[in-house]
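What follows is a set of notes on a single structure, which appears directly below.
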Amino acid sequence: MTHKKITLVYFSPTATTKTVLDAIAKGTGYEVDSYDITLSEARKKIPQDLDTSVIVFGAPVYSGRLPKLAADCFKQVSASGIPVVPVVVYGNREYDDALLELKDICVQCKGVPVAAGAFIGEHSFSTQPAPIAPGRPDEKDLACAVEFGQKISRLLETLDPDKKTGDLVVPGNVPYKKPSAAKGVPFIDVTDDCTACGTCVAVCPVDAIDEDDGFCTLDDICIHCCACIKACPESARIMKDGPFKDTAAKLHQTCGVRKEPETFFAQTQK
Ligand SMILES: Cc1cc2nc3c(=O)[nH]c(=O)nc-3n(C[C@H](O)[C@H](O)[C@H](O)COP(=O)(O)O)c2cc1C
């Protein structure tokens, strides 16, 4: 490869992860190649034999872990010997074991983890009356993401292929947190404002919206990502009263103190 290329592979139902990864890529100054694996069709075409200088894997944090479908997809990428950067984006609560889980997947894909990041995005459950990390990533977050990209490109320039990269240490514990068991819990109401435009169907990562039944959400399939709520042009999709709305109200109260992005770098061994 004569010129430098950065490849982004990400799952991002409400686009905060995408926004952070785009800023990181901008910081490197490299040519950018993106694989958005948010929709089910895209997850059928896993990138293989990537000809790239570095791969950034990005995903939101769901209950302290990676969304399972994103993790399963990342595991199929072949990153043999390529520098990789795991990045998680979380809603100002905690990222718990998600970054470690993503770093471990990078190793499983035979990539060489050189850096990692945990950034903050507006919480998927955030609403106007009960905001959680509203407007994030904001200008300050994105400046940090650009700077992270610059540092990654400098690190890659100094990386001697004959010298092994030292361990990249990121926070997290093994065994990882137990995944949430919220499948099947009623989540979304469709109000009379629905115009049947089909936007919700087009953005759902798991095809959980039944157009033949009033665009209702199939609770056994839904992953609660809120893509349909955020994308609805009529604001006709709202959280039902119940456990999720209660969680959102609690997060609004408890996650008000601003967290800042964290970045980590591997030490190169002489
Ligand atoms: C089901 C679910 C679980 C979540 N769990 C967490 C969590 O454990 N900690 C946290 O800080 N944010 C959590 N979030 C918020 C997302 O990580 C955050 O909003 C992220 O920016 C969404 O990324 P996206 O815009 O790329 O979809 C959760 C969101 C969803 C939908």
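Where a number appears in this text, it was derived from the coordinates with a stated rule and is not lab data. Just so you know, these numbers come straight off a predicted model, no measurement behind them. So basically every Cβ, Gly included, is an ideal-geometry build from the backbone, and we count neighbours across all protein chains shown.
Angle between the Cα long axis of helix 139-158 and the longest principal axis of the chain, 0 to 90 degrees, nearest 10? Computed tilt is about 30 degrees.
Between I55 and T7, V84, V85, the built amide H atoms are under 5 Å apart, and every one of these is 5 or more places off in sequence or on another chain.
With a 10 Å Cβ neighbour count serving as the proxy for reagent exposure, in which order, fewest first, do Y176, Y35 appear?
Numbers: Y176 16, Y35 19.
Taking fewest neighbouring Cβ atoms as first place, the list is Y176, Y35.
Report, in whole Å, the centroid distance computed from the Cα atoms of the stretch 220-270 and the stretch 29-97. Centre-to-centre distance over Cα atoms comes out at 18 Å. Here is the P(r) of the stretch 108-251: all C-alpha pair distances, binned every 10 Å from 0, give 9, 27, 27, 21, 12, 3, 0 in whole percents. On the principal axes of its alpha carbon atoms, the chain extends 63, 38, 35 Å, with the longest extent given first.
Label zone of K45 (point 7 Å out along Cα→Cβ, amide N under 20 Å): in the stretch 1-21 this covers 6-13, 18.
Taking the DSSP bridge list for the stretch 17-137 and keeping only pairs wholly inside it, about 10 percent are antiparallel. Looking at the chain alone, DSSP beta bridges between its own residues are antiparallel in about 30 percent of cases. The aspartates and glutamates whose alpha-carbon is closer than 12 Å to the alpha-carbon of K183, local same-chain residues fewer than 8 away aside, are D219, D220.
The residues neighbouring T7, those whose beta-carbon lies less than 10 Å from its own, together hold a net charge of -2 under the Lys/Arg +1, Asp/Glu -1 convention.
Please report the net charge: other residues with Cβ closer than 10 Å to the Cβ of P186, K and R +1, D and E -1. Write out the running numbers ahead of the final one.
On the way: positive: K240; negative: D189, D219, D241.
Here the charged neighbours net out to -2.
Near C144, within a Cβ-to-Cβ distance under 15 Å, what is the net charge of the other residues, with Lys and Arg +1 and Asp and Glu -1?
Values: positive: K26, R136, K140, K151, R258, K259; negative: D22, D138, E139, D141, E147, E260, E262.
Computed value for this residue: -1.
For K44, the aspartates and glutamates whose Cα falls under 12 Å of its own Cα, not counting residues fewer than eight places away in the same chain, are D36, D72. By the rule of a C-alpha distance below 16 Å, with chain neighbours fewer than 8 residues away ignored, the lysines paired with K45 are K75.
Take 107-120, 185-198 and order them by the average number of nearby Cβ atoms within 10 Å per residue, most first; the result is 107-120, 185-198.
Per residue, what volume in Å³ does the Cα convex hull of the stretch 1-99 take up?
On the way: hull volume 9.4 nm³, N = 99.
Roughly 95 Å³ of hull volume per residue.
Can you work out the FRET efficiency for the pair L218 and R154, with r the C-beta to C-beta distance and R0 = 45 Å, to the nearest 0.05?
For L218 and R154, the calculated efficiency is 0.40.
Note on K26 and C194: their simple-model spin labels are 3.7 nm apart, each label 7 Å out from Cα toward Cβ.
So what's the projected area for the stretch 188-241, the Cα convex hull averaged over all directions, in nm²? Intermediate results must be reported in sequence, preceding the final value.
On the way: hull surface 13.4 nm².
So the mean shadow area of the Cα hull is 3.4 nm².
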